[in-house]
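Step one of this worksheet: look at the structure below.
The values are calculated or read from the model by the stated rules, or taken from the named source; none is laboratory data. Worth saying up front: this structure is predicted, and the values here are computed from it rather than measured. Using ideal geometry, Cβ is built from the backbone for each residue, glycine included, and neighbour counts are taken over all protein chains shown. Quick note on the areas: whole protein, heavy atoms, side chains included, nothing else; ligands and nucleic acids left out. Shrake-Rupley method; radii C 1.70, N 1.55, O 1.52, S 1.80 Å.
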Amino acid sequence: MVEQRLATLLDSLRSRGERLTSARYALLAVLAKAEDHLNAEQLSNEVSRTNPAIHRATIYRTLETLRRLGIVEHTHLGHGPAVYHLADDVHQHLVCEGCGWVAEAPATLFRSVERTLQREFGFVMRANHFAVVGRCRRCSGDAGDTPKRSAMGVG
Ligand SMILES: [Zn+2]
Ligand SMILES: [Zn+2]
Ligand SMILES: [Zn+2]
């Protein structure tokens with residue numbers, strides 16, 4: 001699964017005539033298998049661990065290049081640094097401001113809002129750039145089950 005995903009990404013780079021540098025490869029490999037949301041520093045640590053020869057500055061620059069190419073996207077989960085995703089996995093994030101719980105929700109969550117904004121204002125909304133902030137079931141005092149990661153069954 002991870003291998004397949006990585007192969008598809010590498011193909012899409014090649015088909016655009018983009019070079020496949022060792023830093024690009026290493027970064028995409030880390031992103032393809034990451035199960036958590038990693039910020040630039042964590043990504044850089046992860047790449048350095050397996051590829052000590054790649055300079056930090058190169059990793060940061062490569063991350064920006066992949067973003068410009070539309071292969072990587074970032075999102076803001078709260079007040080901390082942005083976290084990164086492969087652009088083939090679009091989803092919305094829910095973040096609890098009480099305990100920091102993070103869940104992934106379907107990208108279609110804001111579809112009707114998107115349609116309204118487009119129609120009324122000609123505005124194209126990119127809802128997944130920021131997380132939806134609120135309070136999880138436990139923090140809002142609801143006596144239900146403790147929420148789990150990916151409680152909405154996505155990602
Ligand atoms: Zn941003
Ligand atoms: Zn909470
Ligand atoms: Zn996510």
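Of note:
- For the range 94-110, filtered to residues that are out of contact with any helix residue (DSSP H, G or I) (no Cβ under 8 Å at 6 or more places or on another chain) and without any contact (Cβ under 8 Å) to a residue 24 or more places away in the chain, the residue that is farthest from ligand 2 (Cβ to nearest atom) is THR108.
Listed here are the residues, each with its yes/no results for (1) within 14 Å of ligand 1 (Cβ to nearest atom); (2) within 12 Å of the chain's Cα centre (by Cα).
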position: ARG16; (1), (2): no, no
position: ALA40; (1), (2): yes, yes
position: VAL47; (1), (2): no, no
position: HIS55; (1), (2): no, no
position: THR58; (1), (2): no, no
position: ARG67; (1), (2): yes, yes
position: ASP88; (1), (2): no, yes
position: HIS91; (1), (2): no, yes
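- Count of the range 103-155 residues which are outside any helix (DSSP H, G or I) and at pLDDT below 90: 16
- Every pair of residues 6+ apart whose Cβ atoms lie under 8 Å, when the first sits in the range 77-91 and is touching a residue at least 40 places away in the same chain (Cβ under 8 Å) and closer than 15 Å to GLU35 by Cα while the second is within 16 Å of ligand 2 (Cβ to nearest atom) and not hydroxyl-bearing (Ser, Thr, Tyr): VAL83/LEU77; HIS91/GLU104; HIS91/ALA105
- First in the range 121-138 and open to solvent by less than 50 Å² (accessible area, probe 1.4 Å), second anywhere and polar (S, T, N, Q), Cβ under 7 Å, 6 or more apart: ALA127/GLN92; ASN128/THR75; ASN128/GLN92; HIS129/THR75; ALA131/THR75
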